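Here is the structure we will look at.
The values are calculated or read from the model by the stated rules, or taken from the named source; none is laboratory data. Remember, it's a predicted structure, so these values are computed and weren't measured experimentally. No Cβ is skipped: glycine too gets one built from the backbone with ideal geometry, and neighbour counts run over all protein chains shown. Remember, those area values only see protein heavy atoms, side chains included, never the ligands or the DNA or RNA. Shrake-Rupley method; radii C 1.70, N 1.55, O 1.52, S 1.80 Å.
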Amino acid sequence: MPLIVGAYSQLSPGTPLAVLERALTEAYKPLLTYIYKHPELHIHVHIPGSILEWFEQNHPEMNMLIADLVKKEQVELTTGPYQQPVLQVVPGKDRSSQLESTTTLIRKRFGKRARTAWFFNQIWNPSFVSTMGMGMLDRLLISSYDRLHGIQVATEPFVMQDLGKTIEVFPFDDRIDALVESLGNATCGFKEFAETLLKLTFDESDTYKTVMINLDRLLQGCALNQGLPPPIDLIVMILDRLAKVPDSETVLLSSIPTGVVSTRGYLGSAWYGRDSSVVDIGSYNDMFIKYEELNHLYGRLLYLIDLAKLYRKNKDTKKRVESLLVKATSGGALVLDPSGGCYRNSYRKYVYRYLNDAERILAVTEEIPYPRELDLDFDGHNELIWMGRNIGVVVDAKGGTLAEINYLPTGWNYGDTFTGYAAESDRLSFPTIRDGSFQRSFNDVFLPHDGRIEFYAKHIGRQTFDTGSHIYDLTIVDRSQNEIQTRCVFENLPFGLGSLELTKRYRFRTHTVVVDFSIRNIGKHRSRGLFGSELNLSIGMKDQQEVSLYTVEKSRNRNLAEGRVVAPNLKNFRIPDDVNKTLISFASDNRFTLYKDDFRVKLATVMGMEVLYEYTQVLPLWDFDLQPAESLEWTIGFRIERRLRVSTANKEQS
């Protein structure tokens, strides 16, 4: 019986160097070396184009080894979209070009054109058949396990037709995939793995048997369970078990003539396989409903793709913008798998970096007028997008907040926060935060005048009134001066605060966002309480570095404690960012009490139980005591600027 055997990894662009190096040392290199030492083996390998490029730049010996194995017909590389996008959310014309980029790389570097496709996270749509046809790809490797509905739709290869185009689909055995998943989730120990593997039976009447091994899951399992042998030993156990199937031999798909498969079938649109950890959605696009932050990110991508279509001036510049937007389609931030997916900060920052680079070019060359008004997140309320020389923001009607604060020289989005779900990760702080909620900046809250700030919890109604879900009126006050006003009226507030009118007037400058606050008592009684405006900021951090703050008093710096902080009677604070080599400064003309804490989660990844930093919440709080018709006004400045010096302790490697 011909055995079609392979291994795959799906680490996307934006993967941290430490993760890549571990995958190289413990998975990629041992696997390819083992194949080299066993010439009787014929194995399919899927490694993303971005990692093959990383090999070329940093470990050229790996590509030399792959080229040798391809030449000896021991290894067949599968192709896939270069940036590892979720292909169904990529505009149609860009899908085939992404496939062709990887296919061309494989052909030029390894001397053989790939004819078999693999799609990131096994998210499949029948329209991909036409996309494959444009790239002269005639075979697909994919699991037949519909993970969202818990059914296996096929076990034997079949021919699939869509819109007159045909491909041959080789679905792989879900039993071994499920076993590898159990190892990855640490729900199965080595003994159980070995015993279950030995008990597997195979139907000798099958025309072909296809098996694909998820290298990322094995890396995760070995990191979580130190008692497991290395990934290569587990792979060898699977290969040895397959070798015991009577009359079996490993073959490459390229050795099987097209047309041999005659059974007809159809693979409907679904999220197949066991790569992802998300289980409570009906289709992939439900990810944008479940995670507000991903919905916003997707909306920003679509907005820029449409904006780029208007570009007419220079063909070279247009190509440059289109190239940046292709990179911004990287799908690592849009899934949840052993890489860390949407919880891994670096994946989201990778996407925002290229989105910001693309819009910056368009803003300069096309002289695009700002602010631009459109509904980025498809909630029925328009956002306002402003792009300046150094800072770009998105003003959201929800809470009159800033959904993005982009520092354009580095492309870093300080407003890129992520909350996720308590059922998916272990939250190390903010236990009461609402699942799936997008934490924006300048999010306003009211507290009772005697509220215990050290126990601040925005989603506990008896302690805090959070305005984040309220729709503010957005008004462009002065387009030439880049001024936007947000306003909301709150009737019958809790804590005896009565009725208040809150106005925030944003003034966007080269390095600074200036905000004029005004609270007016429109009720009939005295209103006394605390008002705060959260800054939820994703600071550039290295490894397990802590976010540090300091305040400047009488020209002298005073460091504030790390972790959770409550600091009274401040006029300013500053946050160094050694990754971007920037300094974030906040100053107010009215003294405030500062609450600060960091949001981190613990998540099972290819690195084991990894602590992932998401964002830092800094909340300045001001007292107010207003009689009817009285107002309180004050101004703050939020500034991002380059640092001339970076602390040597955290200095970036050149």
Can you give me the % of accessible surface on the stretch 229-352 that is carbon or sulfur? Probe 1.4 Å, all protein chains present, nothing else counted.
53
Calculate the radius of gyration of the Cα atoms of the stretch 223-346 to one decimal place, then report Dmax, the largest Cα-Cα distance, as a whole number, both in Å.
21.8, 65
Expressed in nm to one decimal, what extension gain is obtained for the pair D426 and L302 from 0.36 nm per residue of sequence separation less their Cα-Cα distance?
41.4 nm
FRET E, pair A561, H449, Förster distance 22 Å, beta-carbon r, rounded to 0.05
0.30
Need the list of lysines near K602 for cross-linking: C-alpha distance under 25 angstrom, and skip anything on the same chain fewer than eight residues off.
K290, K349, K458, K542
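May I ask you to give the percent of accessible area on the stretch 391-466 that is carbon plus sulfur, with a probe radius of 1.4 Å? Before the final figure, lay out the partial values.
Numbers: 1210 of 2260 Å².
In the stretch 391-466, the share of accessible area belonging to carbon and sulfur is 54 percent.
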Treat each spin label as a single point 7 Å out from the Cα along the C-beta direction, and report the R320 to L163 distance in nm.
3.3
Using helices alone, I'd like the mean residue ellipticity at 222 nm for the chain: each DSSP H run of four-plus residues gives -39500 (n - 2.57), total over residue count, nearest 500.
-7500 deg cm²/dmol
By how many degrees, between 0 and 90 and to the nearest 10, does the Cα long axis of helix 231-243 differ from the longest principal axis of the chain?
30
Assuming R0 = 56 Å, can you tell me the calculated FRET efficiency for the pair R642 and T155, based on Cβ-Cβ distance, to the nearest 0.05?
0.45
Residue order for D543, D396 - accessible surface, 1.4 angstrom probe, largest first:
D543, D396
Once you sort the root eigenvalues of the Cα gyration tensor of the stretch 541-585 as a ≥ b ≥ c, which label holds: rounded (a/c under 1.5), prolate (a/b larger than b/c) or oblate (the other case)?
oblate
Relative to the compact-globule estimate 2.2 N^0.38 Å (N residues), the Cα gyration radius of the stretch 187-296 stands at a ratio of 1.41
Once the piece of chain linking T187 and Y266 is laid out straight, how much longer is it, given 0.36 nm per residue of separation minus the C-alpha distance between them?
25.1 nm
HN-Hα J couplings of the stretch 453-465 from phi, Karplus 6.51/-1.76/1.60, θ = phi - 60°, integer Hz, Gly and Pro as x?
5, 5, 10, 4, 8, 5, 9, 9, x, 6, 10, 9, 9
Grab the Cα-Cα distance for V552 and M134, subtract it from 0.36 nm times how many residues apart they are, and report the gain in nm with one decimal.
144.4 nm
Using a probe radius of 1.4 Å on heavy atoms only, what accessible surface per residue do you get for the stretch 281-362? Whole Å² is fine.
33
Test of understanding: express the Cα radius of gyration of the stretch 435-554 as a ratio to 2.2 N^0.38 Å, with N the residue count.
1.23
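Out of all DSSP beta bridges with both ends in the chain, state the antiparallel percent to the nearest 5.
Of the beta bridges lying entirely in the chain, close to 80 percent run antiparallel.
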In Å and whole numbers, how far do the C-alpha atoms of the chain stretch along each principal axis, longest first?
89, 58, 48
Taking placed amide H atoms and a strict 5 Å upper bound, the residues 5 or more places from D578 or on another chain that come that close are none
For L549, what residues show an amide H to amide H distance below 5 Å, using hydrogens built from the backbone and excluding near sequence neighbours?
L560
Helix 174-184: angle to the longest alpha-carbon principal axis of the chain, degrees 0 to 90, nearest 10?
50
Label-point separation (nm) for D473 and E491, each offset 7 Å from Cα along Cα-to-Cβ?
1.5
If Rh is defined by the Kirkwood formula over all Cα pairs and Rg also comes from Cα, what ratio Rg/Rh do you get for the stretch 384-458?
1.05
Please calculate the 1.4 Å probe accessible area of H42, with all protein chains present, and give it to the nearest 10 Å².
50
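Taking the square root of 5 times each eigenvalue of the Cα gyration tensor, what semi-axes in Å does the equivalent ellipsoid of the stretch 52-96 have, largest first?
The three semi-axes for the stretch 52-96 are 28, 14, 6 Å.
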Which cross-chain or sequence-distant (5 or more) residues have an amide H under 5 Å from the amide H of T250, H modelled 1.01 Å from N in plane?
L3, H42
Backbone HN-Hα couplings from phi across the stretch 580-588 [Karplus 6.51/-1.76/1.60, Hz, Gly and Pro as x]:
8, 6, 10, 10, 9, 10, 10, 9, 10
Estimated FRET transfer efficiency when R0 is 30 angstrom, pair E61-E40 (beta carbons, to 0.05):
0.80
Table column - 3J(HN,Hα) (Hz), the stretch 44-58, Karplus curve with 6.51, -1.76, 1.60, x for Gly and Pro
8, 10, 10, 10, x, x, 5, 6, 4, 5, 5, 4, 4, 7, 10
Reported to two decimal places, what Rg/Rh ratio describes the stretch 515-654 when computed on Cα atoms with Rh from the Kirkwood expression?
1.06
Rank R452, R520 by accessible area, highest first, at a 1.4 Å probe radius?
R452, R520
When all protein chains stay in place, what accessible area (Å², nearest 10, 1.4 Å probe) is found for Y145?
40
Do you know the relative contact order of the chain, to the nearest whole percent, from alpha carbon pairs under 8 angstrom that are 6+ apart?
11
Can you tell me the 0 to 90 degree angle between the C-alpha axis of helix 215-224 and the longest principal axis of the chain, rounded to 10?
60
For the stretch 42-185, state the average projected area of the convex hull of the C-alpha atoms over all orientations, rounded to one decimal in nm².
9.6
Accessible area of the stretch 509-654 belonging to carbon and sulfur atoms, whole % at 1.4 Å probe:
44
